Amino acid sequence: MFRIRQVHDNVLPRNRSAISQVEHILRTQFSELSRHDISRVRNAFERPEPNLLHPILLVADDPSDKVQGLAFLSYFPDIRCCFLDYLSAAKLKTSFGIGGALYQRVREEATALKADGLFYECLPDDPRMCRQPDVLKQNRIRLAFYERFGARPLINSFRINPPTMMKDFPPFVLYDGLNRDIPLSRGRVQLVVKTILTRKYLRVCSPQYIRMVIDSFQDDPVRLREPRYSKKDTFIPILTQIPDDKKILLVVNDRHHIHHVKEKGYVESPVRVGTILKEINKTLIFERVPIKSFPDKHLTAVHEAAFIRYLKRISLGLRPRQSVYPYLFPLRNRSRPPLDLIDRAGYYCIDTFTPINRNAWIAARRAVDAALTAAEKIARGRRLAYALVRPPGHHAERHVFGGFCYLNSAAVAAHYLSGFGKVAILDIDHHHGNGQEDIFYERKDVLTVSIHVHPRFDYPLFTGFADERGRGRGEGYNLNIPLPKYIHGEGFRKALKKALQYIRDFKCDFLVVPLGLDTAKRDPTGSWRLYSRDFEANGKMIGSLNVPTLVVQEGGYNNRVLGINARRFFEGLWTVHSNPQHPARLNQFS
């Protein structure tokens, strides 16, 4: 059993292990490769050249992360062409369908990049060029395999590989037109070959050699060899569905509905999740997975243990339908909290409209598990994940709750990811993300950024000012961008551009986005005027960062547009994040 996934970086332990296993397979399966050739896979991630060559490493691994096969593809964005460097199953795994599945995925990737063709090399099946029967047999099997997909050797031309790599069997150059019957012009082939030689083999290719190879193409259009092993026009089609590893991983709080405060004006209701699900289920870009349970140590990593014990104890001790609203607040002596748990509510809360009830703890605790489930998947290599949770969490600080929030799911997830690299939090709720600011205010490994209405206009009123920049080691690692009471999409995008540049300068390995949809026009808790097109534009801008991104649901209470705005945001995010050649990725912040 195996599953194909793309390795995007060498930051995560799982990815570093995969790259090491890929190098081992290359050493064992391609004895003619030099140490320099093998190291090119690792170097592609350590010294990337995004404007000249975009590397794509695909691995087929099993549930224990053992790599069963690999494909390494080079995409040249300026000429929209792909070159397949390596395709191989691991030793003793060549008869398990791994090679075919990997090559199918290679063709899907090339098609998604809008490449007009796929080039690669293959040893010859001509006995005049290969005089060893056992090698000749393997070459024929390999060429027959590729021919099933429509790939055929170029004829009447020289070979691409550099002179220092030539052995006894000079390879063919194969061309896969990706099921498009378009003549291959001489000028096009010469451009592709020149690009490959100058960008991949410049260290060993002289200008004279490059010119000789380019001039060897005489036919126009360039001729392809007639099929030898399969019937013409019966090639394997290219699949069009979205690979699972490219989808947005979706984790939904399956216990959110039990927390339902039915009092007038309490807009944080269960219908919010269903409204969002109804819309995003119309797309094909999500893959839903079940929630895992995580221990409380993840909570106490960001919240005070006494606060966690109190919230759990009072919540589970209440009668069904009983609610406790804070009514006394410790303005002077916080060192002596009341003994009675109900009287103590104000000691741990910052407002009078966030009640504690029996199900508050259960729902909020499950929201944390949902966010951690998504974060764990991000830490194992997924690029996009969405924790669709309620109650929200971004107003919950280290030792207090409020603003409909009890536990800070986004902060818990961010702290978890900080164990694997630098994390940036981008809070785009209408209200200040005071919870993340308080929790990470003295840390520099987690950058906190919040775009929100100015606190003189709205909750939480006492935090969110521009001069709050962090403290101690965390000084300079908190950025607040307070905005006017009334703004439209253009004004928000101007602030978002500033925030994204700050995050880019931080060079984070992971991004956590507390997503507030209460920035929409006519939201009952907000005053801004963003439309669905604005949410899509915001998603595209955030996707341009191109880092593993976890979105955690926060506010958003206008159920007439809530789902549509969520869908448009994720469509924008996914479109840019999954496409390395999207203009928003190539022309960042222009």
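Every number in this text was worked out from the coordinates using simple rules, so none of it is lab data. For clarity, every value in this text was computed on a predicted model and none was experimentally measured. Here the Cβ positions follow ideal geometry from the backbone for every residue, glycine too, while neighbour counts run over all protein chains shown.
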If you rank Cys508, Cys122 by fewest surrounding Cβ atoms within 10 Å, what's the result? Cys122, Cys508
Net charge of Cβ neighbours under 11 Å - reference Ser409; Lys, Arg +1; Asp, Glu -1: +1
Lys and Arg at +1, Asp and Glu at -1: neighbours of Gly474 with Cβ under 14 Å from its Cβ sum to +1
So between Glu304 and Arg533, what do we pick up on full extension, going 0.36 nm a residue minus the alpha carbon distance? 78.4 nm
Order by neighbour count: Met129, Met541, Met212, Met1, fewest other Cβ atoms within 10 Å first, most last. Met1, Met212, Met129, Met541
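In the stretch 504-565, which chymotrypsin sites (Phe, Trp or Tyr not before Pro) are in a loop and have at most 16 other Cβ atoms within 10 Å, using DSSP for the loop call?
Tyr531
Give Lys246/Lys498; Lys91/Lys194; Lys91/Lys246; Lys91/Lys137 a once-over and call out the pairs whose C-alpha atoms are over 22 Å from each other.
Lys246/Lys498; Lys91/Lys194; Lys91/Lys246
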Contour excess over end-to-end distance, with Cα ends at Asp343 and Asp126 and 0.36 nm allotted per residue: 69.3 nm
Coil-residue trypsin sites (Lys or Arg not before Pro) of the stretch 239-279, DSSP, other Cβ within 10 Å capped at 11: Lys262, Lys264
Summed over the other residues with a beta carbon less than 15 angstrom from that of Arg493, with K and R at +1 and D and E at -1, the charge totals +4
Of the candidate values [x] 31.3; [y] 29.1; [z] 23.7, the one computed for mean projected area of the Cα convex hull in nm² from this structure is [y]
Spin-label pair Asp509/Tyr266, simplified geometry with 7 Å Cα→Cβ offset, distance in nm: 4.1
Which of Ser206, Ser64, Ser39 comes first, and how do the rest follow, when ranked by fewest Cβ neighbours within 10 Å? Ser64, Ser206, Ser39
Check Ile236: other-chain or 5+ apart residues with amide H under 5 Å from its amide H, H built from backbone geometry? Phe149, Gly150
Using a Förster radius of 25 Å, what is the FRET efficiency between Met1 and His24 based on their Cβ-Cβ separation? Nearest 0.05, please. 0.75
What is the Cα centroid distance between the stretch 346-384 and the stretch 178-243, reported in whole angstrom? 53
FRET efficiency estimate (nearest 0.05) - Cβ-Cβ, Tyr325 to Asn281, R0 41 angstrom: 0.70
DSSP loop trypsin sites (Lys or Arg not before Pro) in the stretch 486-590 with at most 14 other Cβ atoms within 10 Å of their Cβ, which ones? Lys507, Arg522, Arg560
Residue list for the stretch 366-392, given a label point 7 angstrom along the Cα-to-Cβ vector of His257 and an amide N cut-off under 17 Å: 366-367, 388-391
Phi angles of the stretch 497-502, converted by Karplus (6.51 cos²θ - 1.76 cosθ + 1.60, θ = phi - 60°) into ³J(HN,Hα) in whole Hz with x for Gly and Pro, give 4, 5, 5, 5, 5, 4
Which parts of the stretch 93-136 would a label at Lys66 reach, counting a residue when its backbone N lies under 14 Å from a point 7 Å out along Cα-to-Cβ? 93-94
Which of the pairs Lys114/Lys497; Lys292/Lys377; Lys297/Lys422 have their Cα atoms more than 19 Å apart in this structure? Lys114/Lys497; Lys297/Lys422
